[in-house]
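No lab work stands behind these numbers, since they all come straight from the coordinates. Being a predicted model, the structure only gives us computed values, none of them experimental. Cβ placement follows ideal geometry from the backbone for every residue including glycine, while neighbour counts extend to all protein chains displayed.
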Amino acid sequence: MINLEKREGVSFSKGCYPGQEIVARTKYLGSVKRKLCSFKSSKLIAQGTNIVNANGVVCGMVCQTASNIHQIDSLEGLAVIHIDNIDGEKLTTSDSIRIDAVTLI
């Protein structure tokens with residue numbers, strides 16, 4: 001989910017290692033269904049807060065939010081979001097806080 005395959009952070013030719021089964025399933029049986037994304041919000045959001053799409057279906061979870069050092073009123077965060085909900089979706093938290101500018105990392 002943290003996009004290691006895009007940055008050559010996963011080796012498919014290495015011998016035995018922790019997580020090998022998950023990596024093999026990802027490569028040979030399908031694709032990763034959730035990805036780590038950055039986002040912006042107007043309020044601090046607690047870790048573990050669910051993210052819901054426009055239909056009210058849970059599609060992700062907030063990992064962390066923090067203040068943007070360059071913009072005092074802006075908060076940025078990381079979340080794991082289902083790939084079907086990353087582009088063009090209106091996302092909010094379960095507490096109705098708006099999630100803006102979702103970008104794959």
Going fewest to most other Cβ atoms within 10 Å around each Cβ, H70, H82 line up as H70, H82
Total formal charge among the other residues, if their Cβ is under 15 angstrom from that of D73, Lys/Arg +1 and Asp/Glu -1: +1
Going by how many other beta carbons lie within 10 Å of each one, how would you line up D73, D84, fewest first? D73, D84
Could you line up T103, T93 from fewest to most neighbouring Cβ atoms inside 10 Å? T103, T93
